[in-house]
Amino acid sequence: MDLSKNILDYSKQLGLEVAGIIDAKPLYELRTHLENRIQGGLASPFENKSIEKRINPHQSLAGCQSIICFALSHLAASKSPPVNNEPYGKIAEFARGKDYHSVLQEKASQLINYIEKLYPSPFNFFISVDTSPLVERAFLHKAGGELGENTTFLSPFSGSRVSLGMILTDIPLSHHKITPPSPLCLKCGLCRESCPTGALFAPFQIDARRCLSLITQSKGIIPRVFRKSLGVRLYGCDTCQNVCPFNRKIDKYLLKNLPPPILPDELPLITCSNMSKENFKKIFGRTAINWRGRQILRRNAIVAMGNSKNINVIKPLNNLLQNDPSPIIRLHSAWSLGQYGEIEARQALESCFPRENNVEVRQEIITSLNEIENKE
């Protein structure tokens, strides 16, 4: 019995687009590259601070001998939003369907159950689905996968619209390159040219601090320099994905058989800015947006309201600036009001300033009032 071949065959039955098996040797050749990214301030806030944990599978599973690598499309069918008079914000494709973390975790667990039926002895394993320190893209690259200039993995079926996962195990498995093989990046530069913030500053290089998708998922205050660039993005950014030639040629059969989306392509901004905990859980509980939480979504909606150029948002923004207990929400509400030159926006900022006790929010109000004055 060829256990490795059976594992790869079963992974296809589970719907995993590509799968391969590699050894568990650490990727020490990545150390200098990762150190340079940290020193240059290019690393994502989601990256583990320990380089050893990122490149060494044995840090996640002692005695690890083999790694099963796989990828799965996170494409979701398009779904029109309900008709509403308020402005709408865009949801990236990876966040419209069922949370890819739970989807990949479930398929990995099914694969583990299958291996347990075939392997005669107890074994240890560790599942990594974008939640462990390991650099999953690098391990799939080692397995024969290719990366695009926007640093994403390329699938022969779904282009770069895929999520990645791995199973680490102490079973000594024979090694197999991923099948079918990834297409080679065309190096056309379209993804880099289209990036709104220049985050893709060189081929196969990304400044995570400037990536709008990561910014919409990060906690805290969105730097002022990026707020206008966010436009009406509510969660994630598909710009570099949309221009990629591989993504524009995704197999029509795949598109017709996508699972039904949970979320529409766009959502009403005012509604999202005021969303209760109960409604957030009800609407987003099964999606990747739930992973980051309600306050991040509300903050993003508020910034998008400022960029929407829809004067119907001024009153809701005023209410948030006056009454919301969160300084983060009040601060971004002040910024968004500053994007409007209307008297009502200026009056809202002026009336809130005397009773605002947070230093950062007060400074934001002052800056926004100055911006309105310069518009007049």
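The values are calculated or read from the model by the stated rules, or taken from the named source; none is laboratory data. Please read all numbers here as calculations on a predicted model, not as lab measurements. As a convention, Cβ positions derive from the backbone with ideal geometry for all residues, glycine included, and neighbour counts pool all protein chains shown.
Values as computed for the structure displayed
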item	result
Residue list for segment 172-201, filter: surrounded by fewer than 20 Cβ atoms within 10 Å (Cβ to Cβ), among the aliphatic types (A, V, I, L, M) and either within 30 Å of Asn124 (Cα to Cα) or at pLDDT 95 or above (or both)	Leu190
Within segment 323-347, tally of residues that are assigned to a helix (DSSP H, G or I), at pLDDT below 95 and among the small types (Gly, Ala, Ser)	1
Residue selected from segment 39-61 under the condition without any contact (Cβ under 8 Å) to a residue 40 or more places away in the chain and either more than 30 Å from Thr197 (Cα to Cα) or crowded, with 22+ Cβ neighbours inside 10 Å (or both), by the criterion farthest from the chain's Cα centre (by Cα)	His58
Residue match in segment 231-245 (condition: more than 30 Å from Pro268 (Cα to Cα) and either among the hydroxyl-bearing types (Ser, Thr, Tyr) or not in a loop (DSSP other than H, G, I, E, B) (or both))	yes
Filter pass, Lys5 being touching a residue at least 40 places away in the same chain (Cβ under 8 Å), assigned to a helix (DSSP H, G or I) and out of contact with any Leu (no Cβ under 8 Å at 6 or more places or on another chain)	yes
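A quick yes/no check of all residues on (1) closer than 15 Å to Ile68 by Cβ; (2) of a type outside the set (Val, Ile, Thr); (3) touching a residue at least 60 places away in the same chain (Cβ under 8 Å):
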| site | (1), (2), (3) |
| --- | --- |
| Phe126 | yes, yes, yes |
| Ser158 | no, yes, yes |
| Met166 | yes, yes, yes |
| Ile171 | yes, no, yes |
| His176 | yes, yes, yes |
